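The values are calculated or read from the model by the stated rules, or taken from the named source; none is laboratory data. If you're wondering where the values come from, they're calculated on a predicted model, not measured in any experiment. Neighbour counts run over all protein chains shown; Cβ positions are idealised from the backbone, glycine included. These area figures cover heavy atoms from the full protein model, side chains too; ligands, DNA and RNA do not enter into them. Shrake-Rupley method; radii C 1.70, N 1.55, O 1.52, S 1.80 Å.
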Amino acid sequence: MIVVLLNVYLVLLFLLVKLHIVRFNAFWKISPFIVFLLLLVGLFIPMGWGAPQGSAVVVRNSVAIVPDVAGEVIDVPVAANAPLKANDVLFRIDPVPYDAQVKAIEAQLKLSATRLAQMTQLFEREAGRGFDVEQRQAEVDQLKAQLEGAQWNRDKTTVRAPGDGYVTNVALRKGARVEVTFKYLPGQVFTGKVETVLQAIANGQVQTSGLAVQSKGIEAAPFVARIKLDDTALADSLPAGSTGTAAIFTDRVRAAHIIRKVLLRQIAITNYVNPF
C-alpha cells in the first residue's frame, strides 16, 4: 500500500511539473523521500499497532482412531469426508480369534462351576474339605474375570465413532472486531470477533532432553489469536486448513483503520489471481 500511495504522489508530481504548476527544484526532487518517511512514520508504523494484520487458518479438532485390539480389518463401512454420528461403525476387525477365546474360557468356567457345586455338596455333607471349596471358588472367580476381559476384547473389534464429525483421513483401506479474507473465497471479506489469545504455541514448548537448546529453538514468534466469525454457517462450511489473512481493529490509531480495510480488500481481490 505504501508503494501505491508513493506512486500516486509521483504521478501527481509529474503532472504538476509538466503543467508548469510547480518548478522542479531541489525541494521537489527530494519530496518523494519526505513523503515516504511521512507515510512510514506517520501512518504505516502506527497502523501496525492499531490495526495489526496476519495470516489466518481454519482449524478443526481431530481425533486419531486407534483400535484397542489387534487383528485383520475385515470391513470399513465409512467414506472419507462423509458426515458421521456418534457410535457409527468406523471399521471392524476379524472377531474369530476373540470369539474362540471367549468360548474357551466359557467352557473352562462351566467345568469349574460344576466342580465347585460338587465340592460344595461334599462339604455340606461333611465329606469334603472347606479348602477345596475355596480353591474352586477362586478358580471360578478368576475365570469370570478372564471372561469379562475376553468379551471386552471381542466387543472392541468393532470400532465406533467417539462423536459426531467426519472421517478426513481413512488410513485403512474476547471482543475486538476482526475482518478476515480466505483464499478459499476470493474477493470476499468477513467479520468476526477475537475469542481468545492462545497462551502457548509450539515455540514456547520445552521438552526434557539431554541435548542443549539450539539457537533456532529460541526465536521471536507472534501471538496466536482465536477468531469467531459472525457468520456461523460460513464457519461450519470452511474446510479445515483453509488459509487467509486477518486484520484486528483495536481502539487505537483509528485513523489508520481505513487503510488497513483497503489493504485487506486488495488481498481479497488478488486471491482471484493467486489463490494458493
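The table below gives the values:
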read-out: Only one of ASN81, ASN87 that is open to solvent by 80 Å² or more (accessible area, probe 1.4 Å), under 30 Å from PHE190 (Cβ atoms) and not in a helix (DSSP H, G or I); value: ASN81
read-out: Single residue of the stretch 9-55 satisfying the filter (under 19 Å from LEU264 (Cα atoms) and open to solvent by 70 Å² or more (accessible area, probe 1.4 Å)) that is nearest to the chain's Cα centre (by Cα); value: SER55
read-out: First in the stretch 117-141 and exposed (fewer than 15 other Cβ atoms within 10 Å of the Cβ), second anywhere and among the acidic types (Asp, Glu) and assigned to a helix (DSSP H, G or I), Cβ under 8 Å, 6 or more apart; value: LEU122/ASP132
read-out: Residue within the stretch 250-258 that is among the hydrophobic types (A, V, I, L, M, F, W, C), outside any helix (DSSP H, G or I) and either surrounded by fewer than 14 Cβ atoms within 10 Å (Cβ to Cβ) or out of contact with any Pro (no Cβ under 7 Å at 6 or more places or on another chain) (or both) present; value: no
read-out: Residue under evaluation VAL262, criteria (1) surrounded by fewer than 17 Cβ atoms within 10 Å (Cβ to Cβ); (2) outside any helix (DSSP H, G or I), criterion not met; value: (2)
read-out: Near pairs, Cβ below 9 angstrom, 6+ apart or cross-chain, from the stretch 22-44 (under 13 Å from LEU6 (Cα atoms) and modelled with pLDDT of 80 or more) to any residue that is among the aromatic types (Phe, Trp, Tyr) and open to solvent by 100 Å² or more (accessible area, probe 1.4 Å); value: ILE34/PHE27
